[in-house]
Amino acid sequence: MRNLALALTSLLAVACGGDFSNDDLEFRNALPQREDLAAKLPASARASQGLGTRTQRLGLQVLGGTSGLALQAYTAGSQFNASVDGLLALLELFRNAPPTTRETDRRIWGPFPADDHPGHELRFVMERTGAEFNYLLQFRPRGAGEGDWWTYLPGSFKADGGIRKGEGTLALDFKAARAKGFDTKGAEGVDRLDIAYQTKTPPTSVLLLFTAKGAALPDTRYASRQTPEGLGEMAFRLPGEDLVPGGLLETLDIVARWTPDGRGVLVLTILEGDAKGAKYTECWDARTRITFMQRNWDFLNPTEGNRSTCPDVSALDL
């Protein structure tokens, strides 16, 4: 995606000129920007880059020690943002260039040569129906007919309540790209990435679904939510984790919430595998040190620390 974005940057700078009409701006505002979709991480999360990439086995957490689960949640947030950035880099190019063709309820950018894919060309098409916009980033062999366009990135947006307020979806179809002979370097194990988001009411939310190569349904999901006051949430489902000693791998559901100053609370639930149904709750301070732990399987010592140290993140319950 990054190589394609770099190629398009110079391409659009040369091929597209002129100004935006007022109607162009309506189409432009139907495309999401980074601030609409990126997970908002506390400043302390920057110190966790590259740490906490694997889930710690239950029982290794120590009251007063650094929360490995918090670090993993921050790392998941950074990876989430990297996925969003890679996808939005493509849209930003068309957002910042006037369209090549204007029709009453349709805009087209291109076709242009696809420099990253010799012998192919690309175009970006947006159509408006009332308050709803649908858009497609498409490719075809150079010189082929109208029916030979195939879609790499489909998207939609339904406006509701103001500029860039509403509900939207977008996706990357890696399976279709590979079938056309395109190199999907960096996404060889993924058939499709889907994003759904809503920005019309707080807390705003973004959902990423990854469908593994050959899978019929998405098997990995990341969800981000945030409030205007700066509370953040990262929820993710991870299959194939070795969290509990035994013969089975676990599928984990993790929900982490944090305040702008970095205090947080996390709930981990084992959905499948050894210790299915086990639930672990943890809180940490602004320095990511564990202040409270609760284990639903431990009848002798179910809690450690002080529950009152857990931050109030109830605004995310909506």
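Within the bounds of the range 120-131, is there any residue that is hydroxyl-bearing (S, T, Y), open to solvent by 10 Å² or more (accessible area, probe 1.4 Å) and within 24 Å of K185 (Cβ to Cβ)? Taking every residue of the range 120-131 in turn, none turns out to be hydroxyl-bearing (S, T, Y), open to solvent by 10 Å² or more (accessible area, probe 1.4 Å) and within 24 Å of K185 (Cβ to Cβ).
The number of residues in the range 148-189 that are part of a helix (DSSP H, G or I) and open to solvent by less than 80 Å² (accessible area, probe 1.4 Å) comes to 5.
When Q49, Q79, Q72 are checked against the criterion of being open to solvent by 30 Å² or more (accessible area, probe 1.4 Å), modelled with pLDDT of 70 or more and farther than 30 Å from F112 by Cα, a single residue qualifies: Q79.
Restricting the search to the range 271-314, which residues are open to solvent by less than 40 Å² (accessible area, probe 1.4 Å) and among the hydrophobic types (A, V, I, L, M, F, W, C)? Listed by number, the residues that qualify are A278, C283, W284, I290, F292, M293, C310, V313.
Checked against the criterion of being modelled with pLDDT of 85 or more and closer than 26 Å to D183 by Cα, the candidates R2, R28, R34 yield just one match: R34. For D253, the criteria (1) under 14 Å from L63 (Cα atoms); (2) acidic (D, E); (3) open to solvent by 10 Å² or more (accessible area, probe 1.4 Å) hold in every case but one, which is (1). Give the residues of the range 261-270 that are touching a residue at least 60 places away in the same chain (Cβ under 8 Å), surrounded by 15 or more Cβ atoms within 10 Å (Cβ to Cβ) and not in a strand (DSSP E or B), sorted by residue number. Listed by number, the list holds a single entry, G262. On inspection, L243 passes the criterion of being part of a loop (DSSP other than H, G, I, E, B), hydrophobic (A, V, I, L, M, F, W, C), more than 15 Å from the chain's Cα centre (by Cα) and under 23 Å from R289 (Cβ atoms).
The values are calculated or read from the model by the stated rules, or taken from the named source; none is laboratory data. Because the structure is a prediction, the values reported are computed rather than measured. Note: ideal-geometry Cβ built from the backbone for every residue, glycine included; neighbour counts use all protein chains shown. Areas reflect the complete protein model, heavy atoms only, side chains present, ligands, DNA and RNA absent. Shrake-Rupley method; radii C 1.70, N 1.55, O 1.52, S 1.80 Å.
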